[in-house]
């Protein structure tokens, strides 16, 4: 199982720009590296990430083999209303991880 | 990004220890690898939400609570809350083990409980599980000073001496000793790396070059490969003696596991 660490400020003022951090455990095997017997290791990467704020997409990105293992993303969004931020990573071999965090907007 | 004129002090140190084989940095001159990091790597280590080593700490926490082996017992079943029972433990390993008749490292100690108490097969060196349990335990000692275990247990002395001899012996096709780099040339550069004083304060650690978390033995292996010397098998007594000597050199410095290094 892949562990993820997400950081969302628990409280924010309406209209404030908040910083969000998302770190996930993944080998991000490029598909270009041979193993010790010279055979290429099959590609195994996360291909996309998105963040939904009360169901609305506020950040999304695609990922490629050149990204480091255990990708760490930092982005910002506008605190509009209290609710839930959902994080979704998808990738090769059916990789799919979901996490969520609450935010209280005053 | 620290640049400090060391010439004068270094000359003093050399003068003061003339006759000694190599000048060991005196307590005030000791620097952990952390202090030599650039600001971005420091920031990564300092923030538990950005430090990738924390992902393994989470793994270790889950393993700590999970029953295993034919005894069907979890580490937590006997040791309870690791924040209490494992506090300070990593700061005093390698420790003398009666059964082995020699020092063992934290990984070997964990495997003893795996085999004897949980009645489960030993975890392989560098396996994700063993590194996770080790880093979870080491994390409970964060910011605690490394103990002078040799002062408290005379039986460790010959192993400390053996570790020191390994550290000062020239070896490999490059014919260099550990001490030449880590005592005489620290703060200088080797390819893209700043050479540190080789203090084992942050293990298991996340190394960006490895793209993963690894043990102290993996690091020592890397240095031996760099010297084009023969490596020992994982778990070999030579690594434990070296680790004991490194911990003794670093006594008083704070544990920072999981450290992040370039």
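Only the coordinates and a few stated rules stand behind these numbers; no lab work does. Note that the structure is a prediction, hence the values are computed from the model and not measured. Cβ atoms come from the backbone with ideal geometry, glycine included; neighbour counts cover every protein chain shown.
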(request) Rounded to the nearest 0.05, what FRET efficiency do residue B:157 and residue A:41 give with R0 = 41 Å and r taken as the Cβ-Cβ distance? Could you check? (result) 0.35
(message) With the cut-off at 1.5 for a/c, could you classify the stretch B:180-262 from its C-alpha gyration tensor as rounded, prolate or oblate?
(response) rounded
(request) Using R₀ = 45 Å, calculate the FRET efficiency as 1/(1 + (r/R₀)^6) where r is the Cβ-Cβ separation of residue B:66 and residue A:90; round to 0.05. (result) 0.95
(request) Only Cα pairs under 8 Å and at least 6 apart count here; give the relative contact order of the stretch B:57-187 as a rounded whole percent. (result) 27
(request) Project the alpha carbons of the protein assembly as shown onto their principal axes and report the range along each, largest first, in whole Å. (result) 71, 56, 48
(request) May I ask you to list the residues of the stretch B:193-225 whose amide nitrogen lies under 20 Å from a point 7 Å from Cα along the Cα→beta-carbon direction of residue A:32? (result) B:208-212
(message) One quarter of the convex hull surface, Cα atoms only: what value does that give for the stretch B:82-207 in nm²?
(response) 9.8
(request) Sort B:231, B:32 so the one with the fewest other Cβ atoms within 10 Å of its own Cβ comes first. (result) B:231, B:32
(message) List residues of the stretch A:51-74, by number, whose backbone nitrogen lies under 17 Å from a label position 7 Å along Cα→C-beta of residue B:40.
(response) A:66-74
(request) Just report the Cα centroid separation between the stretch A:30-106 and the stretch B:139-212, whole Å. (result) 36
(message) What does the C-alpha gyration tensor say about the overall shape of the stretch B:53-139? Classify as rounded when a/c is under 1.5, otherwise prolate if a/b is larger than b/c, or oblate.
(response) rounded
(message) I'd like the orientation of helix B:157-168 relative to chain B: the angle between its Cα long axis and the longest Cα principal axis, in ° from 0 to 90, rounded to 10.
(response) 50
(message) Helix-only mean residue ellipticity at 222 nm, the protein assembly as shown, DSSP H runs n ≥ 4 weighted -39,500 (n - 2.57), per residue, nearest 500. What is it?
(response) -7500 deg cm²/dmol
(request) Note the angle between two axes, namely the Cα long axis of helix B:128-139 and the longest principal axis of the Cα atoms of chain B, as a number of degrees from 0 to 90, rounded to the nearest 10. (result) 70
(request) Between residue A:82 and residue B:76, with labels modelled 7 Å along Cα→Cβ, what's the label distance in nm to one decimal, could you check? (result) 3.0
(request) Using only alpha carbon pairs under 8 Å that are at least six residues apart, calculate the relative contact order of chain B and give it in whole percent. (result) 26
(message) Over the Cα atoms, compute the radius of gyration (one decimal) and Dmax (the largest Cα-Cα distance, rounded to a whole number) for the stretch B:83-129, in Å.
(response) 11.3, 29
(request) With a point put 7 Å past each Cα toward its Cβ, work out how far residue B:84 is from residue A:56 in nm, to one decimal. (result) 4.8
(request) Sticking with the crude label model, points 7 Å out along Cα→Cβ, report the distance from residue A:102 to residue A:21 in nm, one decimal please. (result) 2.3
(request) Calculate the tail of P(r) for the stretch A:4-105: the fraction of all Cα-Cα distances greater than 19 Å, expressed in %. (result) 46
(request) Let me know the Kirkwood hydrodynamic radius for chain B, please, with Cα pairs as the basis and the value in Å to one decimal. (result) 19.1
(message) If you fit an axis through the alpha-carbon atoms of helix B:53-65 and take the longest principal axis of the Cα set of chain B, what angle between them do you get, 0 to 90°, nearest 10?
(response) 30
(message) Could you tell me the calculated FRET efficiency between residue B:236 and residue B:47, based on Cβ-Cβ distance and R0 = 41 angstrom, to the nearest 0.05?
(response) 0.70
